[in-house]
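Single-structure report; data block below.
What follows is calculated from the coordinates using simple rules that are stated; it is not laboratory data. Fair warning: this is a prediction, and the values are worked out from it, not measured in the lab. Neighbour counts are summed over all protein chains in view; Cβ atoms, including those assigned to glycine, are modelled from backbone coordinates with ideal geometry.
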């Protein structure tokens, strides 16, 4: 008969090999995942870094790497670019109005649909969210054809309506998520204490879902401000928003001011993201 020690060693050897194989698989998986993550970060960050570095060039056209470094184009952006500043102001105006209208429409829609389980409610919710699934070029062309069929022509307000169509779904999404997580007993308690539906909404529901609304409004504002496709189709000759203006100056002569504008927008966006994350926790409402 084999000795007990020999039997134990025979059993332990395959176990050690299996443990070693599992350890190698785990480590190799982590290495591959880490390499892919690093490549993804480089691919995402490299264009931003290149644009910011190029915005400090001393040359008269966009070059990378720059032959020298200077802040001349940021100064030119502030002192000698009234058309870019006018486009920036118009983009702010369009984004602010579109976001405000989207908040009213989206919150109303979310309040009506969030807690319903009927098939018609899910169908209407899908209609509200459909602009998120459509290519913005196709949506912009469809809206342009709609306004032409209606005979309204293009104006500042057609541009605003187009931006409402693409921004409202984000607010619907984040507001619905906040409403689903809301404890229904709080509303029942408020109603049982004699509060009207409007008073219960203002004092109970709105404060609790306000972070979700703010997160959606922030995303909607930034998306509206930076949108090109819908603005390209729906803006008239007098309504040249900043992204389209940047497109034109890059297309004509590779103007370095476009890189300077990009640097300002990137810095402002990062600052607003950090502020909104600290105030309302944007990342918690967009998962």
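Quick one: order 173, 117, 30 by neighbouring beta-carbon count within 10 Å, fewest to most.
Placing the least packed residue first, the sequence is 117, 30, 173.
Using Cα centres only, tell me the gap between the range 203-282 and the range 40-77 in whole Å.
20 Å
Tell me, what is the FRET efficiency for residue 71 and residue 115 to the nearest 0.05, using R0 = 41 angstrom and their Cβ-Cβ distance as r?
After rounding, the FRET efficiency stands at 0.15.
Which residue, 131, 66, 47, tops the fluctuation ranking in a GNM of the chain built on C-alpha contacts under 10 Å?
Among 131, 66, 47, the largest GNM mean-square fluctuation belongs to 47.
Normalising by the residue count of the chain, find the relative contact order in percent from Cα pairs under 8 Å and 6+ residues apart.
27 percent
If you compute log10 I(q)/I(0) by the Debye sum over Cα atoms at q = 0.13, 0.15, 0.17 Å⁻¹ for the structure shown, which of (1) -0.83, -1.15, -1.56; (2) -1.03, -1.21, -1.35; (3) -0.93, -1.17, -1.40 do you land on?
Derived directly from the coordinates: (2).
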